[in-house]
Amino acid sequence: MNTLEYCHEFELSKINFKERKTRITHPKTIISGPLRSGKTFLIFDYLSNFETKEFLYIDFNDIRNSKDIIKKNLEEYIFRNNIKVLILENFDFSFKIPYCDSVIISTYEKKELKGYKNIFLTPLDFEEYLLHENKNQNITQSFNTFLKHGNLPQSVNLPEYKVYYELQNILKLYAYDITTEKILKILFENIDEKKSLNQLFINLKQEIKISKDKFYAMCKKFEDEKIIYFIKKFNQDKATKKIYSYNSAFLNSITHKKKFKNELTNIIFQELLNQKDEIFYLDYIDFYLPNKDIAICSIPFFNSMLMASQLKKVLKTAHEYNIKNIYIITVSNNEFIKKESLQINVLPFYEWALS
């Protein structure tokens, strides 16, 4: 048997998968997203609507598959076997896609093709995480695990030591060499920090030999692949940006230092990503969503009496930008504060994320 015949024998019934909020609804779809975000299982969900003989599943990351054989014989194989659905996993678009009723493509970087719908898949939000979890924990335990272990689907039910090994392996897949790995590490170490790329470059240069061009190019690549996000200050494009990742648990996988506030703020950012709104920051306000007139502050252990001074700074900024709704996201505190025309909702993360 050749490569295509082996791929045609792919047995979907042996795979357990759970549905996501995002689904494939168009016969020609390109799914992009970072490593381990769940692209493959979204495809499995789609394939569950077809008989095995009707689809051809090809994964270009499977080293057993010969790309030359696939390229040479794919069109004829689809026609001869009356294939209705063609799956091209981890496809690099290096050859022409043959005609098929339905073509589903997965890739790390977004690609626009005429006639294709694009889906960008982020990992699990907190509500999806609860649906995937099978530990029967209460909501606060689930939140603690989500915060520590992150939002990747395959991490949900793993023991802690395996979660961090898996995250370290993902980091190595992203990194082509030790220099690239160091760049990614310094970015993860600075999530929820206001740091310019020049600051990070100077810090890294003290540790390893690296050119400024390579450092900036790799940061741009990680940004394009949606591994790292650089958030602007509202209406101040030249201000230093804040750094976030698609998964806060990378921080715990590369250092023993605890940055609880940074991790909480990053998982808030992860939830906001799924809302598809423009996200900015302001002085004393972690996230500002101008289209919704909402400000969000991450304060793990909030107390309005003890934090009157900090709250006053938040309110001053809110007045400057005429913001009416403020959410203070905490670990467990719950409070409602009304100050003049401002409404301040103090909520635990799990209540806010599920509301």
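The values are calculated or read from the model by the stated rules, or taken from the named source; none is laboratory data. Just so we're clear, the structure is a prediction, and the values are computed from it rather than from any experiment. Quick reminder, even Gly has a Cβ in these numbers, built from the backbone with ideal geometry, and neighbours come from all protein chains shown. Surface areas here come from the heavy atoms of the whole protein model, side chains and all, with no ligands, DNA or RNA. Shrake-Rupley method; radii C 1.70, N 1.55, O 1.52, S 1.80 Å.
I'm trying to understand the selection: among the residues of region 26-64, which are within 15 Å of L86 (Cα to Cα), assigned to a loop (DSSP other than H, G, I, E, B) and either touching a strand residue (DSSP E or B) at 6+ places or on another chain (Cβ under 8 Å) or hydroxyl-bearing (S, T, Y) (or both)?
H26, P27, S48, F50, F60
State all residues of region 111-146 that are open to solvent by 70 Å² or more (accessible area, probe 1.4 Å), of a type in the set (D, E) and within 18 Å of E19 (Cβ to Cβ); if no residue qualifies, say none. Outline the logic, then answer.
Within region 111-146, the subset open to solvent by 70 Å² or more (accessible area, probe 1.4 Å) is 111-112, 114, 117, 127, 131, 134-136, 138, 141, 144.
This time we only want the ones that are of a type in the set (D, E), so: 112, 127.
The one that is open to solvent by 70 Å² or more (accessible area, probe 1.4 Å), of a type in the set (D, E) and within 18 Å of E19 (Cβ to Cβ): E127.
Considering only region 317-331, state which residues are in contact with a helix residue (DSSP H, G or I) (Cβ under 7 Å, 6 or more places away or on another chain) and open to solvent by 30 Å² or more (accessible area, probe 1.4 Å).
If the condition is that a residue be in contact with a helix residue (DSSP H, G or I) (Cβ under 7 Å, 6 or more places away or on another chain) and open to solvent by 30 Å² or more (accessible area, probe 1.4 Å), then Y327 is the only one that fits.
Just for strands (runs of 3 or more DSSP E) wholly inside region 249-355: which have at least 2 residues that are under 30 Å from E181 (Cβ atoms)? Working first, answer last.
Working: elements: 280-282, 285-289, 294-298, 325-330, 335-339, 342-348.
Passing ranges, in order: 285-289.
Inspect all residues belonging to region 255-265 and state whether any of them is acidic (D, E), more than 25 Å from Q343 (Cβ to Cβ) and either modelled with pLDDT of 95 or more or open to solvent by less than 30 Å² (accessible area, probe 1.4 Å) (or both).
Restricting attention to region 255-265, the residues satisfying the condition of being acidic (D, E) are 263.
If we keep only those that are more than 25 Å from Q343 (Cβ to Cβ) as well, we get 263.
From the residues that got through so far, the ones that are either modelled with pLDDT of 95 or more or open to solvent by less than 30 Å² (accessible area, probe 1.4 Å) (or both) too are 263.
Checked against the condition, which is being acidic (D, E), more than 25 Å from Q343 (Cβ to Cβ) and either modelled with pLDDT of 95 or more or open to solvent by less than 30 Å² (accessible area, probe 1.4 Å) (or both), region 255-265 yields at least one hit.
Limited to region 30-60, what total is found for residues that are among the acidic types (D, E) and either more than 28 Å from the chain's Cα centre (by Cα) or farther than 28 Å from H149 by Cβ (or both)?
Of the residues in region 30-60, 2 are among the acidic types (D, E) and either more than 28 Å from the chain's Cα centre (by Cα) or farther than 28 Å from H149 by Cβ (or both).
Limited to region 207-219, what total is found for residues that are part of a helix (DSSP H, G or I) and in contact with a helix residue (DSSP H, G or I) (Cβ under 8 Å, 6 or more places away or on another chain)? Steps first, please.
Narrowing region 207-219 to residues part of a helix (DSSP H, G or I): 212-219.
After this cut, where a residue has to be in contact with a helix residue (DSSP H, G or I) (Cβ under 8 Å, 6 or more places away or on another chain) as well, the list is 212, 214-216, 218-219.
Going through region 207-219 one residue at a time, the tally reaches 6.
Residues in region 61-76: is at least one within 23 Å of the chain's Cα centre (by Cα) and within 22 Å of L12 (Cβ to Cβ)?
yes
Do you know which of the residues in region 168-194 that are over 19 Å from N262 (Cβ atoms) and of a type in the set (D, E) is modelled with the lowest pLDDT?
Only one residue fits best here, namely D177.
Could you go through region 105-112 and let me know if any residue there is in contact with a helix residue (DSSP H, G or I) (Cβ under 8 Å, 6 or more places away or on another chain) and part of a loop (DSSP other than H, G, I, E, B).
yes
Do you know which residues across region 207-232 are over 25 Å from the mean Cα position of the chain (by Cα) and surrounded by 14 or more Cβ atoms within 10 Å (Cβ to Cβ)?
Result: I210, single match.
Mind listing just one residue for me: the one in region 298-316 that is among the polar types (S, T, N, Q) and surrounded by 12 or more Cβ atoms within 10 Å (Cβ to Cβ) and, of those, modelled with the lowest pLDDT?
Per the stated criteria, the residue is S304.
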